[in-house]
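Peer 1: There's a structure below that I have some questions on.
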Amino acid sequence: MITFDSDSSIGSFSRWTDEQKRRIHETSMRVLEEVGVKIYSDEALVLLRAAGAAIGEDHLVKISRRMVDKALETAPSSFSLYKGSGEKAFDLKPNVVTFGTGTDMPEFVDLYTGDFRPGCLKDCENAAKVAHQCKSIDWIAPYVLAHDRDPRIADIYHFKAMRQYSDKPNLTLATDPYSLQGVIDMAAAQAGGYEALRDKPTFVHYAEPVSPLSNSAEALDKLLLCAEYGIPVTYTSGVIAGATGPVSLAGTLVVGNAECLTGLVVHQLKRQGAPFMYGCEASIMDMKTTVCMYGGPEYGLMNSFVGEMGRFYHLPSFGLSGATDANEVDFQMGAEMMYSMMTAIYGRQNFVHDNGYMGIGQMGSLQAIIGANELLTFVKRYAQDIAISEESLSFEAIMEEGPGGSFLEKKETFRKFRKEYYLPEFLNRYRNIAWAANGKERIADKFTQKAKAIVESESPEFIDTVTKDQFDEIIKEHAEFYRIES
């Protein structure tokens, strides 16, 4: 977690002017009022009609500026997230930046063979164990899809895996509202009830519109369920410039912004004051490969806009960093991860996901999580700035040593160097001769060794037997609902 002073150089950095942000907002308002959006949730349509929205044919809805303004007034400007134990983890408010892992990658790099294969539940468990050990990762998402579980109940298996092997807060996904209900039921069981969970939420849910300007029943009904239970939620557009959005980055941001505001309006109509997180996960389509990019410069550029727009709306914001289009731990991975981490810092998004994403959002590896943690620790030191005080200016020490003196043996050096300096765990700081003498060990191999050490050791568990039994009972109920044989 990074907390900036409001008057620090990074904390006051803005890429876009208020006028530019206002123009994005005003154009988004024209889209909502003049173009409209498709709404496929019956409950959302009832709420919108009662609030005065214009409901046309074929699920077309036009949302007024007044409705958006009202939703922005009632949504909270900040909220807190808690660990599974109930202890506060952090506040999501201006100038606080937190980092977490990515979500639901279908493919996984086997830790022992290096081969690509479909992910499984054991990978999800191991990812939670590794992420828990990573000090610069503040919260955990279901990193891998468990293909060895029925997809209709995989989400609740993912949630159990995360809670069993870490007490850090979570980002969750769900295939449908019933699956999300299972996650809520499990979180409430651990928290001591639904009111206790509302008072101290332990996870954020991710729901997503279908760009351009379409909102499925599943996504909106999950949004409404979060509002009902007071679960923090982000309704984040995944709009792609040149495909599901205009080729211009500004036009794509307009589409994504309008989609997120649609979710905000529906959410606040269900329950005013429920916690909502602004998000717009905009990227581009690569015109050579026709894939959505995660590691390019445009992604970081638009992502930093999200943090500024969240502050413009006085809402916590959902960001991205530490993702790469690379398929292995290499130069490209390091460059793209580091770049997006820096844009997240400058954009000051509050809840930054996808750290450890690989392969254009299709692949994960435990080594990538460890690598992302190393780079996050690096950039967090940059974000700490240089403290300027009477003590830190060290005049007395300089006076004492004078010209030609040495500060190496001073007690102050040994007392403070760990706080002042970034100390890498994996990055090389040996001269070539020493590096060669140590076997020319590759950083990627170090990541693999670290991952193996974690998953092969006895990991602590963070849910007791009673809670685990409650989780298993909820999983059983969902399996019976779908008539899934064990």
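Peer 1: Per 10 Å bin, what percent of the C-alpha pairs of the chain does each bin hold, from zero upward?
Peer 2: Each 10 Å bin holds this share of Cα pairs: 4, 19, 29, 26, 14, 6, 2, 0, 0.
Peer 1: Now for a separate question. Heavy-atom accessible area per residue, segment 210-265, 1.4 Å probe: how many Å²?
Peer 2: On the way: 1240 Å² over 56 residues.
Result: 22 Å² per residue.
Peer 1: Further question on the same structure: Counting only protein heavy atoms and a 1.4 Å probe, tell me what percentage of segment 160-297's accessible area is made up of carbon and sulfur.
Peer 2: Working: 2200 of 3900 Å².
Whole-percent figure for carbon plus sulfur exposure: 57.
Peer 1: Something else about it: Ordered by packing density, taken as the mean number of other Cβ atoms within 10 Å over each peptide's residues, highest first, how do 369-376, 477-484, 448-455 rank?
Peer 2: On the way: 369-376: 26.1, 477-484: 13.1, 448-455: 17.4.
Going by the mean number of other Cβ atoms within 10 Å, highest first, we get 369-376, 448-455, 477-484.
Peer 1: Tally up the carbon and sulfur contribution to the accessible surface of segment 364-439 as a whole percent, 1.4 Å probe, everything protein left in place.
Peer 2: Here it works out to 58 percent.
Peer 1: Among DSSP bridges having both ends in the chain, what percentage is antiparallel? Round to the nearest 5. Could you put the intermediate results ahead of the total?
Peer 2: Numbers: 17 of 44 bridges.
Counting DSSP beta bridges with both partners in the chain, the antiparallel share is about 40 percent.
Peer 1: Percent of accessible area on segment 1-156 owned by carbon and sulfur, 1.4 Å probe? The partial results should precede the final answer.
Peer 2: On the way: 3480 of 7310 Å².
So the carbon and sulfur contribution to the accessible surface is 48 percent.
Peer 1: How far is helix 18-30 tilted, in degrees, relative to the longest principal axis of the Cα atoms in the chain, given as a value from 0 to 90 rounded to the nearest 10?
Peer 2: Approximately 30 degrees, to the nearest 10.
Peer 1: If R₀ is 45 angstrom, what is the calculated FRET efficiency for the pair Ser394 and Arg23, using the beta carbon separation as r and rounding to 0.05? Each step should come with its number before you reach the end.
Peer 2: Details: r = 48 Å, r/R0 = 1.07.
After rounding, the FRET efficiency stands at 0.40.
Peer 1: Label point 7 Å out from Asp464 along Cα-to-Cβ: which residues of segment 179-200 have amide N under 13 Å?
Peer 2: 190-192, by backbone N distance to the label point.
Peer 1: According to the Kirkwood expression over distinct Cα-Cα pairs, how big is the hydrodynamic radius of segment 1-110, in Å? Please report the intermediate quantities before stating the final value.
Peer 2: On the way: mean 1/r = 0.0549 Å⁻¹.
For segment 1-110, the Kirkwood estimate is 18.2 Å.
Peer 1: Something else: Mind giving me the FRET efficiency for Arg415 and Thr113? R0 is 45 Å, r the Cβ-Cβ distance, nearest 0.05 is fine. The partial results should precede the final answer.
Peer 2: Working: r = 46 Å, r/R0 = 1.02.
Approximately 0.45, to the nearest 0.05.
Peer 1: Roughly speaking, what is the stretch gain from Asp472 to Glu401, that is 0.36 nm per residue apart minus the C-alpha to C-alpha distance, in nm to one decimal? Provide the component values of the computation, followed by the final result.
Peer 2: Numbers: separation 71, 0.36 × 71 = 25.56 nm, distance 6.54 nm.
Roughly 19.0 nm would be gained on extension.
Peer 1: What percent of all Cα-Cα pairs in segment 30-76 falls into each 5 Å bin, going from 0 up to the bin containing the maximum distance?
Peer 2: 5, 23, 30, 25, 14, 3, 0
Peer 1: How far apart, in nm, are the 7 Å Cα→Cβ label points at Ser9 and Ile433?
Peer 2: Taking the simple label geometry, Ser9 and Ile433 are separated by 3.7 nm.
Peer 1: Still on this structure: Find the accessible area per residue for segment 409-486; the probe is 1.4 Å, ligands and nucleic acids are left out, and the unit is Å².
Peer 2: On the way: 6220 Å² over 78 residues.
I get 80 Å² per residue for segment 409-486.
Peer 1: Kindly report the accessible area of segment 1-160 per residue (heavy atoms of protein chains, probe 1.4 Å, no ligands, DNA or RNA), in Å².
Peer 2: I get 46 Å² per residue for segment 1-160.
Peer 1: What is the sum of charges around Val35, taking Lys and Arg as +1, Asp and Glu as -1, for the other residues whose C-beta is under 13 Å from the C-beta of Val35?
Peer 2: On the way: positive: Arg30, Lys38, Lys62; negative: Glu33, Glu34, Glu259.
Computed value for this residue: 0.
Peer 1: Sorting check: for 157-163, 21-27, 213-219, 101-107, which peptide has the highest mean count of neighbouring beta carbons within 10 Å, and how do the rest follow?
Peer 2: On the way: 157-163: 25.7, 21-27: 16.0, 213-219: 19.7, 101-107: 22.4.
Ranked by mean Cβ neighbours within 10 Å, highest first: 157-163, 101-107, 213-219, 21-27.
Peer 1: So, how do all the Cα-to-Cα distances of segment 159-201 break down into 10 Å bins, in percent, from 0 on up?
Peer 2: That works out to 28, 60, 12, in percent per bin.
Peer 1: Under a plain spin-label model, where a point goes 7 Å from the Cα along Cα-to-Cβ, how far apart in nm are Arg198 and Gln362?
Peer 2: Computed distance between label sites Arg198 and Gln362 equals 4.4 nm.
Peer 1: Nearest 10 degrees is fine. How inclined is helix 297-313 to the longest principal axis of the chain, computing both from alpha carbons?
Peer 2: For helix 297-313, the angle is close to 70 degrees.
Peer 1: Oh, and also: Just the number: Rg to Rh for segment 155-296, Cα atoms, Kirkwood Rh, two decimals.
Peer 2: Working: Rg = 16.3 Å, Rh = 15.9 Å.
Rg/Rh for segment 155-296 comes to 1.03.
Peer 1: Quick one: if the Förster radius is 51 Å, what FRET efficiency do Ala50 and Phe331 give, using the C-beta to C-beta distance and rounding to 0.05? List each step's numbers first, then the result.
Peer 2: Numbers: r = 56 Å, r/R0 = 1.09.
Efficiency, rounded to the nearest 0.05: 0.40.
Peer 1: In whole Å, what are the extents of segment 220-277 along the principal axes defined by its C-alpha atoms, from largest to smallest?
Peer 2: Taking the Cα atoms of segment 220-277, the three principal extents are 38, 15, 14 Å.
Peer 1: Another question about this same structure. Hey, what's the Kirkwood Rh for segment 418-486 if you take every pair of different alpha carbons, in angstrom? Don't skip to the end; give the middle numbers.
Peer 2: Working: mean 1/r = 0.0588 Å⁻¹.
Answer for segment 418-486: a Kirkwood hydrodynamic radius of 17.0 Å.
Peer 1: Per-residue ellipticity at 222 nm for the chain, helices alone: DSSP H runs ≥ 4 residues times -39500 (n - 2.57), over residue total, nearest 500 deg cm²/dmol?
Peer 2: -14500 deg cm²/dmol
Peer 1: Compute the Kirkwood hydrodynamic radius of segment 349-424, taking the inverse of the mean of 1/r over all pairs of distinct Cα atoms, and give it in Å to one decimal.
Peer 2: Values: mean 1/r = 0.0630 Å⁻¹.
Hydrodynamic radius (Kirkwood, Cα pairs) of segment 349-424 is 15.9 Å.
Peer 1: Going by average Cβ density within 10 Å per residue, which order do the peptides 110-120, 265-275 take, highest to lowest?
Peer 2: Peptide ranking by packing, descending: 265-275, 110-120.
The values are calculated or read from the model by the stated rules, or taken from the named source; none is laboratory data. What you see is a predicted model; the values in this text were computed from it and never measured. Virtual Cβ from ideal backbone geometry, glycine too; neighbours counted across all protein chains shown. Note: areas computed on protein heavy atoms with side chains; ligands, DNA, RNA excluded. Shrake-Rupley method; radii C 1.70, N 1.55, O 1.52, S 1.80 Å.
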